[in-house]
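Enquirer: Here it is, the structure in full.
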Amino acid sequence: MKILVVDNAYRASKGEKPSVIALPDTCLFRNNDPYFLPQIDARISLTAGLLLKIHKIGKSVQAEFANRYISEIGVGVHFKNSTLETDLINQSTNPFPAVSYDRSLASSNDFFPFEESKMYQFRIRIAETELTLNHQSFRFPIAEMLSAVTEYYTIKIGDLLFLPLISMDKGIHQKDIVDITLNNSHILRCQIK
């Protein structure tokens, strides 16, 4: 299983193409398990968005057919160790470990059948901050992002595509709780420890 991330899904500049990174499956954790801060003094930021399950094998998929490869939709939260990222950049080292460490991507327990024409309302709440968005907030259509992913990767049954909708850079703290609903269904709750 691969976890593919379009990391500029919500913040791409005009004319920019979707940017794709692959995460190891060890990043994933489920079942509303708590997220443990990797270091007490680390500044952890997060991105939250939609998580799509792939149910067909494909390579170089055209955008007009891309939605046929998606079976289910859920939500995810990707944690980033901003302290480690800064340290690695200052050392002229690849900052990838700051986003790809074990248990850095929380996945919803529940997934729903994906419907191309359906509007997906997404609400996230952390401490005192609450935001409501929908999938039309993306800079690219979902089909275009999946098509871009398949230019570089062969997608397979069971792969996950993470499409961030929002970045929260203010940092998270112990005892914070991340709550996410999708179309009024509460499907992810993650306590920070």
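The values are calculated or read from the model by the stated rules, or taken from the named source; none is laboratory data. None of these values were measured; they are calculated from a predicted model. Please note: Cβ atoms are built from the backbone with ideal geometry, for glycine as well, and neighbour counts cover all protein chains shown.
Enquirer: From the list 9, 48, 22, which one is closer than 14 Å to residue 150 by Cα and within 13 Å of the chain's Cα centre (by Cα)?
Expert: Numbers: 9 fails: closer than 14 Å to residue 150 by Cα; 48 fails: closer than 14 Å to residue 150 by Cα.
None of the other options fit; the residue is 22.
Enquirer: Among the residues that make up region 172-190, is at least one of them small (Gly, Ala, Ser) and not in a strand (DSSP E or B)? Reasoning before the result, please.
Expert: Step one: of region 172-190, the residues small (Gly, Ala, Ser) are 185.
From what's left, not in a strand (DSSP E or B): none.
No, region 172-190 has no match at all.
Enquirer: Confirm whether residue 60 is assigned to a loop (DSSP other than H, G, I, E, B), within 22 Å of residue 152 (Cα to Cα) and modelled with pLDDT of 95 or more.
Expert: Numbers: assigned to a loop (DSSP other than H, G, I, E, B): yes; within 22 Å of residue 152 (Cα to Cα): yes; modelled with pLDDT of 95 or more: yes.
Answer is yes for this residue.
Enquirer: Testing residue 91 on (1) over 22 Å from residue 148 (Cβ atoms); (2) in contact with a Pro (Cβ under 9 Å, 6 or more places away or on another chain), one condition comes back false. Which one is that?
Expert: For residue 91, the exception is condition (2).
Enquirer: Count, please, the residues in region 98-143 that happen to be in a strand (DSSP E or B), touching a residue at least 12 places away in the same chain (Cβ under 8 Å) and either surrounded by 15 or more Cβ atoms within 10 Å (Cβ to Cβ) or among the hydroxyl-bearing types (Ser, Thr, Tyr) (or both).
Expert: Initial filter on region 98-143 (in a strand (DSSP E or B)): 105-107, 112-113, 121-126, 129-134.
Narrowing the set further to residues that are touching a residue at least 12 places away in the same chain (Cβ under 8 Å) leaves 105-107, 112-113, 121-126, 129, 131, 133-134.
Then drop every residue that is not either surrounded by 15 or more Cβ atoms within 10 Å (Cβ to Cβ) or among the hydroxyl-bearing types (Ser, Thr, Tyr) (or both), which leaves 105-107, 112, 122-126, 129, 133.
Matching residues across region 98-143 total 11.
Enquirer: Next question. Filter region 24-82 down to residues that are hydroxyl-bearing (Ser, Thr, Tyr) and under 22 Å from residue 193 (Cβ atoms) and give me whichever is surrounded by the fewest Cβ atoms within 10 Å (Cβ to Cβ).
Expert: The initial filter retains those residues of region 24-82 that are hydroxyl-bearing (Ser, Thr, Tyr), namely 26, 35, 45, 47, 60, 69, 71, 82.
Now restrict to residues that are under 22 Å from residue 193 (Cβ atoms): 26, 35, 45, 47, 82.
Numbers: 26: 13, 35: 21, 45: 18, 47: 24, 82: 18.
Only one residue tops the list, namely 26.
Enquirer: Please go through region 17-30 and give me each residue that is of a type in the set (Val, Ile, Thr) and either in contact with a Phe, Trp or Tyr (Cβ under 8 Å, 6 or more places away or on another chain) or assigned to a strand (DSSP E or B) (or both), ordered by number. Reasoning before the result, please.
Expert: Step one: list which residues in region 17-30 are of a type in the set (Val, Ile, Thr), which gives 20-21, 26.
Within region 17-30, 20, 21 qualify.
Enquirer: Sort through 114, 138 and tell me the only one that's modelled with pLDDT of 90 or more and within 28 Å of residue 64 (Cβ to Cβ). Don't jump to the end; show me each part of the working.
Expert: Values: 138 fails: modelled with pLDDT of 90 or more.
Going through 114, 138 in turn, just one is modelled with pLDDT of 90 or more and within 28 Å of residue 64 (Cβ to Cβ): 114.
Enquirer: If you scan region 3-23, which residues turn out to be of a type in the set (Asp, Glu) and either under 12 Å from residue 138 (Cα atoms) or surrounded by 17 or more Cβ atoms within 10 Å (Cβ to Cβ) (or both)? Steps first, please.
Expert: Taking region 3-23 as the starting set, the residues that turn out to be of a type in the set (Asp, Glu) are 7, 16.
Correct list: 7 only.
Enquirer: Another one. Go through region 91-114 residue by residue and tally those that are more than 21 Å from residue 34 (Cα to Cα) and under 19 Å from the mean Cα position of the chain (by Cα). First the steps, then the outcome.
Expert: Restricting attention to region 91-114, the residues satisfying the condition of being more than 21 Å from residue 34 (Cα to Cα) are 91-96, 112-114.
Subsequent filtering for residues that are under 19 Å from the mean Cα position of the chain (by Cα) retains 95-96, 112-114.
So the answer is 5.
Enquirer: What tally of residues in region 144-192 results from selecting those that are modelled with pLDDT of 95 or more, surrounded by fewer than 15 Cβ atoms within 10 Å (Cβ to Cβ) and of a type in the set (S, T, N, Q)?
Expert: The qualifying residues number 1.
Enquirer: A follow-up question, please. Just to be sure I understand the filter: pairs with C-beta atoms under 6 Å, separated by 6 or more residues or on different chains, first member in region 31-47 and part of a strand (DSSP E or B), second member modelled with pLDDT of 80 or more and among the β-branched types (Val, Ile, Thr). Which pairs pass?
Expert: 35/192; 44/172; 46/77
Enquirer: Which number in (1) aliphatic (A, V, I, L, M); (2) surrounded by fewer than 15 Cβ atoms within 10 Å (Cβ to Cβ); (3) within 22 Å of residue 174 (Cα to Cα) marks the one condition that residue 89 misses?
Expert: It fails just one condition, (3).
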